[in-house]
Amino acid sequence: MTTQTPNPDVDAKITPEDVAKMRMLVNQPEQNNDPTWNPVAMANDFRRYLNNCGDNNPLYANPDYAKNTRWGNVIAPPMFIITMGYDRSGTLDPELKAKTRGALRGIGMYQSGFEFEFFRPIYPGDELFKRSYVSDVIEKQSEFANKSLLIKHATSYWNTRGEDVGVYRYLMIHAERGTAAKKGKYVEISQAKYTEEDIKKIDEAYEAEYVRGATPRYWEDVVVGEELPTMVRGPLTLVDIIGFHIAIGWGGFGINPGKMNYFNKKRMPRFYVPGKYGYPEAVQRMHWEEDWAKKVGTPMSYDYGMMRCQWAMNYATNWAGDDAWLWKIECEMRKFNYHGDTQWYKGKVAEKFKEGDHYCVKLDFWAESQRGETTTPARATIILPSREGGPARLPVPPKDYAAEKALQAKAS
């Protein structure tokens, strides 16, 4: 009987030492390994971002259209903010960096949830700064891979005028790849296949996609409980993955082609494991390489959670129209979105309320796969124009956000 040699890049376990190291990083700065994807906001960058996320809303993509809106020009799609920002996070204390080196090495990482708050638009010519830190570490038992760690992160953004632009909070699940593969929770899931009838249904949904556009959606006209129009995104293909990288960059891991990838491999060698050619490739490739996806516990390659978050923002702003403001949005990644899967966005108006001089609605919505599974529950708060109160007013950052920024500044 032969014993298989453990693969440190697949079979690594979450240890008490890993947990202790990660907890030492709470309230400490963290830095992105990629250079800023969009140092200066440009109208063509908005169009490129939007097109590569699979949309064409003219408020963000067409200056001739946008000049006649309340904004007077194109503005950035909401999630464009993550592509910007000169990093002002600061650096880890060298002693702390040494103590925490190697934490969670060889452990898988999965995007689980996102929260955004937006305070003002990004215009062509704007430059942003950002500050990021680890906000919490939580131990949890997982059906997917037994023991896991939930790591909460936060990034705040402000412009060169000192104005708060937005805040981005996200949750990453760190799980044991080998354990996930052995448990095989999703192994029975089959590849999507589409009939002519299925294709017709998807195409008709794209053709009929609802975009409120220039027609104001007044707060007084909204009815709690009303259903939102259905929107489709998919089937997911490799082109979607490539396009999303063109839109947002490489997601903070520093991977690039050619010589630049070689230098990144030197910098973080354990992020690279041998691929089918025998040469080390980024572990991130489970998003486009099915063999590697199976080795780390999923039956097929799958999307980035942020893709569905972008689609959720797309869905909310399509409904709201040009005169509204997407204030808050949160998304949960409950199921994988595999290559070949189609997501159907559906929802309803959950609440209608006033907050100060803001006329707000809350939307509850979700993405549902062709398997009938809810993959992405989401909620959004939108400020609408009002016949009584006038145009939608931009929100002021809440007091707890000021405290969060102060904490981040202290950490840096």
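When only Cα pairs below 8 angstrom with a gap of at least 6 residues are kept, segment 16-411 shows a relative contact order of 19 percent. A Gaussian network model of the chain, with springs between Cα atoms under 10 Å, assigns the largest mean-square fluctuation among ASP303, ASP198, ASP322 to ASP198. A Stokes-Einstein calculation at 37 °C with viscosity 0.692 mPa s, built on the Kirkwood radius of the chain over Cα pairs, returns a diffusion coefficient of 145 µm²/s.
Length gained on full extension, VAL222 to TYR86: 45.0 nm, using 0.36 nm per residue less the C-alpha separation. The gain in end-to-end length when the ILE138 to ILE242 segment is fully stretched comes to 34.2 nm, 0.36 nm per residue minus the alpha carbon separation. Counted over the chain, the DSSP beta bridges are approximately 95% antiparallel.
The string of couplings for segment 161-167 from the Karplus curve (6.51, -1.76, 1.60, θ = phi - 60°) is 8, x, 8, 5, 9, x, 9 Hz, one whole number per residue in order, with x for Gly and Pro. Applying 1/(1 + (r/R0)^6) with R0 = 35 Å to the Cβ-Cβ distance of ASN51 and GLU388 gives a FRET efficiency near 0.40.
Here the translational diffusion coefficient of segment 38-175 follows from Stokes-Einstein with Rh set to the Kirkwood radius across Cα pairs; for 4 °C and 1.567 mPa s it amounts to 75 µm²/s.
The numbers here are math on the coordinates, done by the rules we state, and not lab data. Keep in mind that what you see is a predicted model, and the values were worked out from it rather than measured. Every residue, glycine among them, receives a Cβ derived from its backbone with ideal geometry; neighbour counts consider all protein chains shown.
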